[in-house]
Ligand SMILES: [Zn+2]
């Protein structure tokens, strides 16, 4: 499988959300993306990155979409941290574009692997359409040609989750969970 990993935000013009401890979403997404790259390559997958460093050229979301489409990736995974004014908000979320697409079974696999890896972590789900993922019209989900998911790995605005998100061990565990989901998807759909 050729997998495009998109580390959310760019770390130059747009650092994303900032936690109470000062952690930047753009750093967490980048470090987790690099851990995921390593994990997927070890599983024998080919990886295309939208960025591997802080990169101001990614200011337009369509640049990320074009990288994935031009590489003819089989899957697209965008990594982000959530933010809320309510600092008690917590949990992980997996998003797909609205409607039933090839992304839905993949999103369900990611959800299941994250829930198995982090049994104490709240998984924020939306079962109104029969599966646990949430749906949103994000550009990177709408405009990519391949099954695309966006993972909100936790709330950077939550004191405890921010510390977890910044922890390289946690980032590696998220990478393992998503890597397992990619392997399951490859076994079932390729
Ligand atoms: Zn974000």
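Measuring from label point to label point, each 7 Å out along Cα→Cβ, what is the residue 121 to residue 43 span in nm?
1.5 nm
Have a look at the DSSP beta bridges in region 2-189 and tell me what percent are antiparallel, nearest 5. Walk me through the intermediate numbers first.
On the way: 4 of 22 bridges.
Around 20 percent antiparallel, to the nearest 5.
Distance from the Cα centre of region 1-52 to that of region 72-89, in angstrom?
Computed from Cα coordinates, the inter-centre distance equals 11 Å.
Testing the spin-label approximation: label points 7 Å from Cα along Cα→Cβ at residue 63 and residue 13. State their distance in nm.
For residue 63 paired with residue 13, the spin-label model returns 0.6 nm.
By average Cβ neighbour count within 10 Å, what is the ranking of 98-108, 141-151 from highest down? Could you put the intermediate results ahead of the total?
Details: 98-108: 18.1, 141-151: 21.4.
Descending mean neighbour count gives 141-151, 98-108.
Going 7 Å from the Cα of residue 143 along its beta-carbon direction, which residues of region 91-122 have the amide nitrogen within less than 18 Å of the resulting point?
From region 91-122, the list is 96-98.
In whole percent, what relative contact order does region 2-189 give with Cα contacts below 8 Å and a gap of six or more residues?
Working: 396 pairs, mean separation 57.1, N = 188.
The value is 30 percent.
Separation between the residue 89 and residue 169 pseudo-spin-labels, each 7 Å from Cα along Cα→Cβ, expressed in nm?
Label at residue 89, label at residue 169, 2.8 nm between them.
Quick one: check the C-alpha center-to-center distance for region 142-160 versus region 117-132, whole angstrom.
With region 142-160 and region 117-132 each reduced to a Cα centre, they are spaced 13 Å.
At 222 nm, what value in deg cm²/dmol follows for the chain if DSSP H runs of at least 4 each add -39500 (n - 2.57) and the sum is divided by all its residues, to the nearest 500?
On the way: 6 runs with 77 residues, N = 190.
-13000 deg cm²/dmol, from helical runs alone.
Give the peptides 41-52, 153-164 in descending order of average Cβ contacts within 10 Å, highest first. Before the final figure, lay out each step's value.
Numbers: 41-52: 16.2, 153-164: 21.3.
For the peptides 41-52, 153-164, the packing ranking is 153-164, 41-52.
Compute the Cα gyration tensor for the chain, then decide on rounded, prolate or oblate, letting a ≥ b ≥ c be the square roots of its eigenvalues: rounded whenever a/c is under 1.5, prolate when a/b is larger than b/c in the other cases, and oblate in all that remain. Let's see the in-between values first.
Values: a/c = 1.37, a/b = 1.14, b/c = 1.20.
Rounded shape, in that the Cα axes give a/c under 1.5.
Here, each number is a calculation from the coordinates, and none is a lab measurement. Because the structure is predicted, anything quoted here is derived from the model rather than measured. Heads up, the Cβs are rebuilt from the backbone with ideal geometry, glycines too, and the neighbour counts pull from every protein chain shown.
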